[in-house]
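Below is one structure; the comments refer to it alone.
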Amino acid sequence: MIPDRANPPPAQANLATLPASAELPATAAAPTAAAPTAPAAAPTESPSPTRLVGSLSRLDRTGRLDRPGSAWESARMWGAISSASARRMLRYRAAILASIVSNIVLTVLRGHLALAVWTHRPGLAGYDSTAAVTFTVLGQSLVTTFAVFGGMIDIPWRVRNGSIEVDLVRPLGFQRWYLGLEVGRAAVYLASRALPAAIVGVLLFDLRLPRTAGAAAAFAVSLGLALLVSFGLRYLVALSAFWMTDFRGVQAVSALVMMFFSGAILPLVLFPGALGTIAGLLPFGAVIQTPMDLYLGTADDGPVRALAFQAAWALVLLLAGQALTSRAIRRLVVQNG
């Protein structure tokens, strides 16, 4: 379904401005009776504006064109989108260098702070000093990969400048398109931000390695689920731009909440009483706290339930984003288009 817009899409505008057949100028004079007429050539089929309008009107509730295609074709297209997103991120070399330096500095500072705190209060929240420093250093190195500070989804800006209408007719689907972009971005951030900071942390601190191969495998799976949860949260925040002319307040509040309740600042086990219980049930903890619990082997209910917790929240958030997308594209108002 085409969302309401102040201006019609280009295909509809062209269709509306086509002259009537009676108004078209004659291209050749009528043949005389004496002149023999050549056999008429077979008419060539040209693309009709109505066909283009018809294809645009076949948008489903999630903003996806109803086009046939195999799962393999969709997977290849999704992989191409992620790869293109990664290449785009790699072009900004000065920004990459600045982010590497800043992330390393923050990782080292927070590592020394955690070491000082747990040296003074050994066993705080059930962590020894080595586990606490490992949690802090590796957690900080992953902050930019999972965009704990919010943003990284440019839906609001594309709504403002009108280019969002291009995203609505992409064959892959609106939500899956941005998820593909997010996967490419996160891969670059993991390699260029997280790994250098983690390497420096290993060199400067006595970090703990996963105790078993199963713990390492669970941690790797948890990283993928953490990305889905983070994307689901930020995608819902970005969709608020369809209803608000300025979404920066929503983004600021959501970033603050995610930093506080994800475990990026402090382990959630430090939160007292009911606050700690609530924090453990919210989806934000699936971004940093759960992966680090699996890495350290401190997950209370075991790795299977921890991964199930992440997977459940990822599914809920992605389905919520799909439902909200279907409502958003019905009321799209381009502000500067």
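In the set (1) more than 20 Å from residue 199 (Cβ to Cβ); (2) open to solvent by less than 10 Å² (accessible area, probe 1.4 Å), residue 169 fails one condition alone, (2). When residue 245 is tested against (1) surrounded by 14 or more Cβ atoms within 10 Å (Cβ to Cβ); (2) out of contact with any Pro (no Cβ under 6 Å at 6 or more places or on another chain), just one condition goes unmet, and that condition is (1). Of all residues in segment 158-169, those satisfying the criterion of being part of a helix (DSSP H, G or I) and either of a type in the set (Val, Ile, Thr) or without any contact (Cβ under 8 Å) to a residue 40 or more places away in the chain (or both) are 158, 159, 164, 166. When each of 90, 181 is tested for being aliphatic (A, V, I, L, M), crowded, with 20+ Cβ neighbours inside 10 Å, more than 26 Å from residue 293 (Cβ to Cβ) and touching a residue at least 12 places away in the same chain (Cβ under 8 Å), the lone residue that passes is 181. Per the conditions (1) β-branched (Val, Ile, Thr); (2) under 14 Å from the mean Cα position of the chain (by Cα); (3) open to solvent by 10 Å² or more (accessible area, probe 1.4 Å), the sole criterion not satisfied by residue 200 is (2). Checked against the criterion of being among the hydroxyl-bearing types (Ser, Thr, Tyr) and either open to solvent by less than 10 Å² (accessible area, probe 1.4 Å) or under 27 Å from residue 207 (Cβ atoms) (or both), segment 266-289 contains not a single residue that satisfies it. Report yes if residue 101 is within 30 Å of residue 77 (Cβ to Cβ) and not in a loop (DSSP other than H, G, I, E, B), otherwise no. For residue 101, the condition - within 30 Å of residue 77 (Cβ to Cβ) and not in a loop (DSSP other than H, G, I, E, B) - is not met. Here residue 310 qualifies as within 30 Å of residue 111 (Cα to Cα) and touching a residue at least 24 places away in the same chain (Cβ under 8 Å).
For segment 132-140, the count of residues that are under 26 Å from the mean Cα position of the chain (by Cα), surrounded by fewer than 22 Cβ atoms within 10 Å (Cβ to Cβ) and within 27 Å of residue 261 (Cβ to Cβ) is zero. Scanning segment 190-240 for residues that are within 16 Å of residue 297 (Cβ to Cβ), among the polar types (S, T, N, Q) and touching a Leu at 6+ places or on another chain (Cβ under 9 Å) returns a single hit, 222. Among the residues of segment 217-227, write down those that are in contact (Cβ under 8 Å) with a residue 24 or more places away in the chain and open to solvent by less than 50 Å² (accessible area, probe 1.4 Å). Correct list: 218, 219, 222, 223, 225, 226, 227. Considering 163, 192, the condition of being out of contact with any Ser or Thr (no Cβ under 9 Å at 6 or more places or on another chain), hydroxyl-bearing (Ser, Thr, Tyr) and surrounded by fewer than 24 Cβ atoms within 10 Å (Cβ to Cβ) is satisfied by 163 alone.
Across segment 141-160, which residue is surrounded by the most Cβ atoms within 10 Å (Cβ to Cβ) among those that are under 17 Å from the mean Cα position of the chain (by Cα) and more than 18 Å from residue 288 (Cα to Cα)? By that ranking, first place goes to 159. Taking segment 99-116 as the range and being touching a residue at least 12 places away in the same chain (Cβ under 8 Å) and surrounded by fewer than 17 Cβ atoms within 10 Å (Cβ to Cβ) as the test, the residues that pass are 106, 113.
Pairs meeting the criteria (first residue in segment 188-202 and without any contact (Cβ under 8 Å) to a residue 24 or more places away in the chain and more than 20 Å from residue 93 (Cα to Cα), second residue buried (at least 20 other Cβ atoms within 10 Å of the Cβ) and of a type in the set (S, T, N, Q), beta carbons under 8 Å, at least 6 apart or on different chains) are lacking.
The values are calculated or read from the model by the stated rules, or taken from the named source; none is laboratory data. What you see is a predicted model, and the numbers here were worked out from it, not measured in a lab. Cβ atoms come from the backbone with ideal geometry, glycine included; neighbour counts cover every protein chain shown. Note: accessible area is taken over every heavy atom of the protein model, side chains too, but ligands, DNA and RNA are not part of it. Shrake-Rupley method; radii C 1.70, N 1.55, O 1.52, S 1.80 Å.
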